[in-house]
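Working notes, beginning with the structure itself.
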Amino acid sequence: MTLQEIKALIAYNSWATNRIFEAVEALPAEEAMRDMKSSHRSIHGTLTHLVGAEKMWLSRMSGTPDKSMVRPADVPTVADVKTIWEQTGFALAKFLGTQSDKKLAETFGFLTLTGEQFTYRYSEALQHVVNHSTFHRGQVVALMRQMGHKPPDTGLTLFIRETKKT
């Protein structure tokens, strides 16, 4: 993938996650924290995982891997999770500003939190970040529906339609 294509995917990812945060912030705090017996228990837990993973991958690509994931106890409110997400988004934009098509094809290595060694191309890791976040936004959408709320549309085609207007 080219840098331009990666930047478009990351822009979509930010747009979609922002829409999710806007919808979740409108919920009563109790509902965002409610244990729904899902993979990350609650909407708050799912968003914490989504944001923590984006932060972790950025740290790996930057060569200074985080030593642990962000945990729900570290960010007790949705607003706290959003703050970490915004900080990570700014840092990712800065990181992308230092990249090139050539750099995206290069590899980086890292140790996982369990000590396993992996190597990925930067383009692969960035695509994974978007894919991973899309999966977990879908979980938040499902949890919102289970609670009787109408979730936002976060589809890529809507993003394309909206951004073509501007």
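Number of residues in the stretch 118-150 that are farther than 22 Å from LYS37 by Cβ and hydrophobic (A, V, I, L, M, F, W, C): the value is 5.
Within the stretch 1-44, count every residue that is modelled with pLDDT of 95 or more, within 25 Å of LEU156 (Cα to Cα) and assigned to a loop (DSSP other than H, G, I, E, B). Residues that pass the stated criteria total 5. Can you tell me which residue is surrounded by the fewest Cβ atoms within 10 Å (Cβ to Cβ) among those in the stretch 1-45 that are hydroxyl-bearing (Ser, Thr, Tyr) and touching a Gly at 6+ places or on another chain (Cβ under 9 Å)? By that ranking, first place goes to SER39. Scan the stretch 46-55 for residues that are buried (at least 20 other Cβ atoms within 10 Å of the Cβ) and more than 15 Å from LYS94 (Cα to Cα) and jot them down. Listed by number, the residues that qualify are THR46, LEU47, THR48, HIS49, LEU50, VAL51, GLY52.
Here is a yes/no grid of residues against (1) closer than 29 Å to ARG145 by Cα; (2) free of Cβ contacts under 8 Å to residues at least 24 places away in the same chain; (3) of a type in the set (A, V, I, L, M, F, W, C):
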{"position": "SER39", "(1), (2), (3)": "yes, no, no"}
{"position": "HIS49", "(1), (2), (3)": "yes, no, no"}
{"position": "GLU54", "(1), (2), (3)": "yes, no, no"}
{"position": "LEU58", "(1), (2), (3)": "no, no, yes"}
{"position": "SER68", "(1), (2), (3)": "no, no, no"}
{"position": "VAL78", "(1), (2), (3)": "yes, no, yes"}
{"position": "LYS82", "(1), (2), (3)": "yes, no, no"}
{"position": "TRP85", "(1), (2), (3)": "yes, no, yes"}
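Apart from one condition, THR112 fits all of (1) at pLDDT 95 or above; (2) touching a strand residue (DSSP E or B) at 6+ places or on another chain (Cβ under 7 Å); the exception is (1). For the stretch 79-127, the set of residues classified as touching a Ser or Thr at 6+ places or on another chain (Cβ under 9 Å), among the hydrophobic types (A, V, I, L, M, F, W, C) and either more than 19 Å from GLY45 (Cβ to Cβ) or surrounded by 15 or more Cβ atoms within 10 Å (Cβ to Cβ) (or both) consists of VAL81, ILE84, TRP85, ALA91, LEU92, ALA93, PHE95, LEU104, ALA105, PHE108, PHE110, PHE118, listed by residue number.
The values are calculated or read from the model by the stated rules, or taken from the named source; none is laboratory data. Owing to the predicted nature of the structure, the values given are computational and were not obtained by experimental measurement. All Cβ positions, even for glycine, are placed from backbone atoms using ideal geometry, and neighbour counts span all protein chains on display.
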